[in-house]
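No value in this document is a laboratory result; all are computed from the given coordinates. All values reported here derive from a predicted model rather than from experimental measurement. Neighbour counts run over all protein chains shown; Cβ positions are idealised from the backbone, glycine included.
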Amino acid sequence: MTVKVLGVPYDAHSSYLRGPALAPSAIRAALSCGSANWCTESGMDLDPAQTDAWVDLGDLALADDGAAAVGIIRAAATKAIADGSGLLSLGGDHIVTWPLVQAISERHDDLTIVHFDAHPDLYDHLDGDRFSHACPFARIMEEGRAARLLQFGIRTMTPHQREQADRFGVEVHEFRDWDGMIPALHGPVYVTVDMDALDPAFAPGISHHEPGGMSTRQLLDAIRQIGDSGATIVGADIVELNPTRDVNDTTAMVAAKIFRELLGLLLQR
Ligand code: MN
Ligand code: MN
């Protein structure tokens with residue numbers, strides 16, 4: 001089974017800073033910079049010179065218009081998975097997850113989404129913008145794209161977003177109460193990693209520094225649990241890396257490591 005890697009350089013509806021459009025190239029540079037090898041922690045060698053199990057489709061060309069970008073991303077993702085491949089996308093800000101999940105959910109019924117983030121991203125709109133990166137999971141749940149949405153790392157709940165979580169039946173595991181465990185998962189699973197789930201001490205290259213977050217180890221262990229759950233990982237994305245805020249490419253290297261682990265999960269299907 002092949003996995004397609006897709007770069008989605010889009011940040012026109014980020015609410016605070018632009019920059020995540022630069023992330024796909026930053027993650028690729030970190031992957032191939034020579035400072036680390038291509039193996040997952042379990043020892044699966046993902047070196048593109050050694051395996052044809054995955055292919056990089058490169059970056060989409062996207063203008064700022066939100067509706068147009070969503071359409072292009074959805075169409076590209078649909079085409080990428082048409083042969084049964086898994087999909088690993090490099091964002092971009094978090095709105096890109098909406099069209100990616102649109103494509104995935106057309107192919108996989110009863111989808112479960114596992115979402116790592118400081119923020120629940122459940123706003124109906126942010127300052128009138130329904131394409132904001134604060135809104136993707138409201139759009140996904142309104143459209144009935146997921147049977148379950150589980151959120152981890154959350155530490156910025158607002159009264160409105162708590163209402164939205166109740167309305168959509170979101171399983172929010174607020175980080176202050178999290179026991180480190182991922183509940184049992186079944187069927188097709190999509191994993192979306194917002195880099196700000198991590199504490200800014202581990203991942204400073206993000207737009208919204210929200211203290212009190214996950215360690216890199218906690219996130220890697222959670223991803224490992226998803227892999228061990230018996231569920232089928234059909235797609236994943238890494239979003240919200242902002243290279244303009246990074247320090248010594250620290251966050252890009254964390255994103256590259258998460259990339260390898262997610263790619264390993266997708267390939268073990
Ligand atoms: Mn997010
Ligand atoms: Mn976030």
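Tabulated values for the structure
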read-out	value
Å³ per residue enclosed by the Cα convex hull of the range 3-268	112 Å³
Whole-Å distance, taken between Cα centres, linking the range 179-222 and the range 1-70	18 Å
For ILE233, distant residues with modelled amide H under 5 Å away	VAL189
DSSP beta bridges in the chain [antiparallel fraction, %, rounded to 5]	10 percent
Segment ARG176-THR158, length gained on full extension (0.36 nm per residue, minus Cα span)	5.0 nm
Computed [θ] at 222 nm, helices only, for the chain once each DSSP H run of length n ≥ 4 contributes -39500 (n - 2.57)	-9500 deg cm²/dmol
R0 of 25 Å, Cβ-Cβ distance ALA147-ASP45: FRET efficiency to nearest 0.05	0.15
Efficiency of FRET between ASP166 and ASP109 - r from beta-carbon atoms, R0 25 angstrom, step 0.05	0.55
Relative contact order of the chain, pairs being alpha-carbon contacts under 8 Å that are 6 or more residues apart, as %	25 percent
Potential extension, THR250-ARG18 segment - 0.36 nm per residue separation minus Cα distance	81.6 nm
Two-site FRET efficiency, ALA184 against ALA53, from Cβ-Cβ distance with R₀ of 25 Å, rounded to 0.05	0.35
Whole-Hz couplings from phi, Karplus 6.51/-1.76/1.60, listed for the range 257-264; x for Gly and Pro	5, 4, 4, 4, 5, 5, 4, x
